[in-house]
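Trainee: Once you've had a glance at the structure underneath, I'll fire off some questions.
Just so you know, all these numbers are worked out from the coordinates, no wet-lab data involved. Predicted, not measured: the structure shown is a model, and the values here were computed from it. Positions of Cβ are generated from backbone atoms using ideal geometry, with glycine treated the same way; all protein chains shown enter the neighbour counts.
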Amino acid sequence: DKSLPVSVNIYNLKGQLVKTIVDNEVVTNTTFVWNGTDNNGNNTSTGMYFIKMDTASSSVSNKVLLLK
C-alpha cells in the first residue's frame, strides 16, 4: 500500500480547531474515527462540525452532525 502525508482536523461552526485526528504519514484507504472529544480529551457538545482532510494534492471538507 502507498503511504502519504495527511492531516484530518475537526472544526466547530466558528472555524475553531476542535480536534486533530491525524497529522502524519498514513497508508491509503485508512479509516479515521472521531470519538467526540477535543484535543484536551474533553467531550464536545452535540452539534454541527466540519471535518477537513488535507493531502499534498487535495483538500476535502464535510459537515457532520454529532449526536449524543
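Trainee: Ranking Lys52, Lys14, Lys19, Lys63 by Cβ neighbours within 10 Å, fewest first, what do you get?
Mentor: Lys14, Lys63, Lys52, Lys19
Trainee: Determine how many Å³ per residue the convex hull of the Cα atoms of the chain encloses.
Mentor: It is 90 Å³ per residue.
Trainee: Here is a follow-up. Quick check on the exposure proxy: order Tyr11, Tyr49 from fewest to most C-beta atoms within 10 angstrom.
Mentor: Tyr11, Tyr49
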